[in-house]
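Readers should treat all values here as calculations from the given coordinates under stated rules, not as data from a laboratory. Please read these numbers as outputs of a predicted model, since none were measured by experiment. Backbone-built Cβ (ideal geometry, glycine too); neighbour counts: all protein chains shown.
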Amino acid sequence: ELPPIEGDFYHLGHTLSPEQRELQLKVRAFMETEVKPIVNEYWLKAEFPFQIIPKLAELNICGLTYQGYGGGGQSFLMEGVLAMEMARVDTSISTFFGVQSGLAMGSIYLCGSEEQKQEWLPRMQQFKAIGAFGLTEPEVGSAAAGGLTTTAKRDGDTWILNGQKKWIGNATFADILVIWARDVDDNQVKGFLLRKDTPGFSVEKMHDKMALRIVQNGIITLKDCVIHETDRLQNANSFKDTAKVLQMTRAGVAWQAVGCARGAYESALDYTRKRKQFGKPIASFQLIQNHLVEMLSNLTAMQTLCFRLSQLQDEGKLNDEHASLAKVFCSLRTRDVVSKAREVMGGNGILLEYDVARFVADAEAIYSYEGTKEINSLIVGRAITGFSAFV
Ligand code: FAD
């Protein structure tokens with residue numbers, strides 16, 4: 001009898017309460033039964049499996065940490081564990097969920113007025129309205145803090161928005177898009193709730209991505225879009241407010257990286273126990289075991305770090321550099337784990353049907369989005385040295 005294939009070597013999942021553990025396993029079961037059987041097909045087609053949304057909504061895990069507005073009032077630790085569970089099967093679905101529950105709902109939860117929260121959050125929590133988060137532009141990625149070229153011009157009770165956004169997840173089918181634009185009068189970044197039927201708004205799907213192919217990223221064009229003042233995020237007054245949203249979601253991305261690594265490790269371990277060469281399972285060879293142990297070491301370090309990260313978040317002590325360090329470490333280590341997983345699977349490691357090829361590709365997107373490794377390193381570097389090295 002072989003031991004179970006379990007990527008939680010230090011039993012961190014068992015430190016959760018029985019109710020939390022039950023929810024973790026419920027989400028795992030959803031991902032295994034509803035997503036895993038179809039995921040490679042949709043990844044290849046670069047299409048989103050909309051049929052899973054009603055069952056995803058039934059799990060009632062969207063906006064898990066929010067107080068009120070349909071949110072669950074649960075811990076960030078629980079939310080992180082669930083992000084890991086989703087990414088363990090597929091990082092695209094986990095990213096779709098992260099954009100909805102974290103970036104889009106989070107912008108409204110952290111920066112919206114009471115009316116805006118009441119109008120959008122309960123519907124979004126149920127996936128009856130889908131959200132997107134538009135910060136990045138074709139010519140402005142890492143330098144978004146000071147460099148946004150999308151403009152907002154106040155005109156009486158309305159604002160006129162012009163510009164382009166690139167890479168915006170869920171944009172092709174979103175009902176409500178949080179758009180970050182520079183106010184031409186005070187030069188500050190402000191957030192706007194753009195409804196999908198706004199005249200002057202158009203979106204084009206990005207094709208031929210080599211990672212997260214299920215996520216529908218779009219290029220948005222805003223041409224004299226008129227947005228009423230009541231649809232401006234009332235508590236977003238500068239990029240510092242945007243950064244609050246990113247701090248919260250970056251912690252979730254670190255957990256996603258753990259999930260991606262865990263999915264690859266568990267697939268690879270399973271494979272090496274079944275695959276025979278020279279008359280023996282390849283898992284019995286010393287060099288293969290060495291690879292597996294290196295993968296597990298990285299995975300265990302990442303999980304332990306993320307557990308503490310979420311505890312800090314739950315204690316209200318999380319700051320930008322905590323979230324950035326976790327994002328840097330986990331996205332870097334995940335690249336290493338998925339590449340070793342591919343290696344121990346030989347040629348089959350590059351076949352989609354064995355799953356690990358998808359994890360390898362998707363790890364590249366995790367590495368770059370929500371702040372690249374360099375940008376997150378600079379955030380930590382600034383905090384520990386006192387010197388900003390951004391420009
Ligand atoms: P650039 O900023 O052009 O950077 C290129 C390279 O230069 C990187 O290695 C970077 O680290 C490095 N670099 C830049 N400045 C410095 C510096 N000062 N010092 C050292 N190195 C530096 N954005 C959204 O707004 N909404 C979304 O939903 C969204 N979803 C995404 C989904 C995917 C799959 C991807 C890939 C991206 C998504 N993004 C989204 C955009 C993402 O946040 C950006 O790709 C990211 O911020 C990096 O910007 P960039 O790609 O323009 O790279």
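Couple of notes before you dig in:
- Dipole magnitude for the chain: about 820 debye, using +1 per Lys or Arg Cβ and -1 per Asp or Glu Cβ, origin at the Cα centre.
- Length released on extending from Asn237 to Glu1, taking residue separation times 0.36 nm less the Cα-Cα span: 78.9 nm
- Dimensions of segment 306-346 along the principal axes, based on C-alpha atoms and rounded to the nearest Å, stand at 45, 15, 7, largest first.
- Tensor-based shape of segment 182-245 (alpha-carbon gyration tensor, a/c under 1.5 rounded, otherwise prolate or oblate): oblate
- Here the extension length gained between Gln289 and Lys373 equals 27.3 nm, from 0.36 nm per residue of separation less the Cα-Cα distance.
- Taking the C-alpha atoms only, the angle from helix 239-274 to the longest principal axis of the chain is near 20 degrees.
- Stokes-Einstein diffusion coefficient of segment 258-391, Kirkwood radius over Cα pairs, 4 °C, 1.567 mPa s, in µm²/s: 81
- Anisotropy class of segment 193-314 from Cα gyration tensor, a/c 1.5 cut: oblate
- Considering only Ala257, Gly316, Ile379, the residue lying farthest towards the positive end of the dipole of the chain is Ala257, judged by Cα position with unit charges set on Cβ.
- The chain, relative contact order in percent, only Cα pairs under 8 angstrom and at least six apart counted: 18
- Loop sites in segment 83-159: GluC sites (Glu not before Pro), DSSP, at most 10 other Cβ within 10 Å: Glu139
- Since only Ala341, Gly169, Met78 are under comparison, the one whose Cα sits farthest along the positive direction of the charge dipole of the chain, derived from C-beta charges on Lys, Arg, Asp and Glu, is Ala341.
- Mean-position separation - Cα centroids, segment 56-113 and segment 322-345, in angstrom: 22
- Note on Lys223 and Glu115: with the Förster distance fixed at 35 Å, the Cβ-Cβ geometry gives a FRET efficiency of about 0.80.
- For the residue pairs Lys209/Lys276; Lys240/Lys373; Lys45/Lys117; Lys26/Lys276; Lys45/Lys166, the alpha carbons lie more than 29 Å apart in Lys209/Lys276; Lys45/Lys117; Lys26/Lys276.
- Whole-Å semi-axes of the ellipsoid equivalent to segment 67-187 (Cα gyration tensor, √5λ, descending): 27, 19, 12
- If you bin all the Cα-Cα distances of segment 328-391 at 5 Å, starting from zero, the percentages per bin are 4, 19, 21, 16, 13, 10, 7, 6, 4, 1.
- Only Lys, Arg, Asp and Glu carry charge here, each on its Cβ (+1 for the first two, -1 for the last two); on that basis segment 170-247 has a dipole of about 340 debye about its Cα centre.
- Distance histogram for segment 125-196 (every C-alpha pair counted, 10 angstrom bins, percent rounded to whole numbers): 21, 49, 26, 4
- Euclidean distance between Cα centres, segment 130-167 to segment 181-259, Å: 7
- Taking label points 7 Å from Cα along the Cα-to-Cβ direction, Asp197 and Glu139 give a separation of 3.5 nm.
- Taking the Cα centre of segment 232-283 as origin and assigning +1 to Lys and Arg Cβ atoms and -1 to Asp and Glu Cβ atoms, the resulting dipole is close to 220 debye.
- One compactness figure for segment 1-101 is 1.13, namely its Cα radius of gyration divided by 2.2 N^0.38 Å.
- Full extension of the segment from Thr33 to Arg308, taken as 0.36 nm per residue of separation minus the current Cα-Cα distance, would add 96.0 nm.
- Overall dimensions of the chain by Cα: Rg and Dmax, Å: 21.0, 79
- Taking every DSSP helix (H) stretch of at least 4 residues in the chain, weighting each as -39,500 (n - 2.57) and dividing the sum by the residue count yields a mean residue ellipticity at 222 nm of -15500 deg cm²/dmol.
- Whole-percent pair-distance distribution, where bins are 10 Å wide, for the alpha carbons of segment 229-281: 19, 23, 19, 15, 11, 8, 4, 0
- Chymotrypsin sites (Phe, Trp or Tyr not before Pro) restricted to segment 235-307 and DSSP loop, no more than 13 other C-beta within 10 Å: Phe278
- In degrees, nearest ten, helix 36-45 long axis to first principal axis of the chain (Cα): 60
- Neighbour-limited loop hits for trypsin sites (Lys or Arg not before Pro), segment 268-355 (at most 12 other Cβ within 10 Å; DSSP other than H, G, I, E, B): Lys317
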